[in-house]
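Q: Okay, here's the structure, questions in a sec.
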Amino acid sequence: MTSSTYLATEAGQFLYQAHRFLSAARILRFSDTWETDARLIQTPTLHLVAHGAELLLKLRLLEQGQSQSD
């Protein structure tokens, strides 16, 4: 399976979305705002990391044969 066909699957979409959330968290974490006033963006950054981790855990379940409704 090529990467383009994998991304077309439900599991591939979970991986893609997790990557987007974790990338956004990384951008916030290494931003200038974090250096000057981290309190301002700690909660949104944590939310992005948590949601990305959740999607990665769901991805693992999908790869083991579980469905989203299980």
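Q: Taking the stretch 49-70 as the search range and keeping residues that are among the small types (G, A, S) and part of a helix (DSSP H, G or I), which one is farthest from the chain's Cα centre (by Cα)?
A: Here the residue is A50.
Q: Within the stretch 8-19, take every residue that is part of a helix (DSSP H, G or I) and either in contact (Cβ under 8 Å) with a residue 12 or more places away in the chain or open to solvent by less than 70 Å² (accessible area, probe 1.4 Å) (or both) and give me the one that is farthest from K58 (Cα to Cα).
A: By that ranking, first place goes to H19.
Q: Can you confirm whether D32 is open to solvent by 90 Å² or more (accessible area, probe 1.4 Å) and of a type outside the set (S, T, Y)?
A: Spelling it out, D32 is indeed open to solvent by 90 Å² or more (accessible area, probe 1.4 Å) and of a type outside the set (S, T, Y).
The values are calculated or read from the model by the stated rules, or taken from the named source; none is laboratory data. All figures in this text were calculated on a predicted structure; none of them were measured in a lab. Here the Cβ is made from the backbone with ideal geometry for all residues, glycine too, and neighbour counts use every protein chain on show. Heads up: the accessible areas ignore ligands, DNA and RNA and are worked out on the full protein's heavy atoms, side chains in. Shrake-Rupley method; radii C 1.70, N 1.55, O 1.52, S 1.80 Å.
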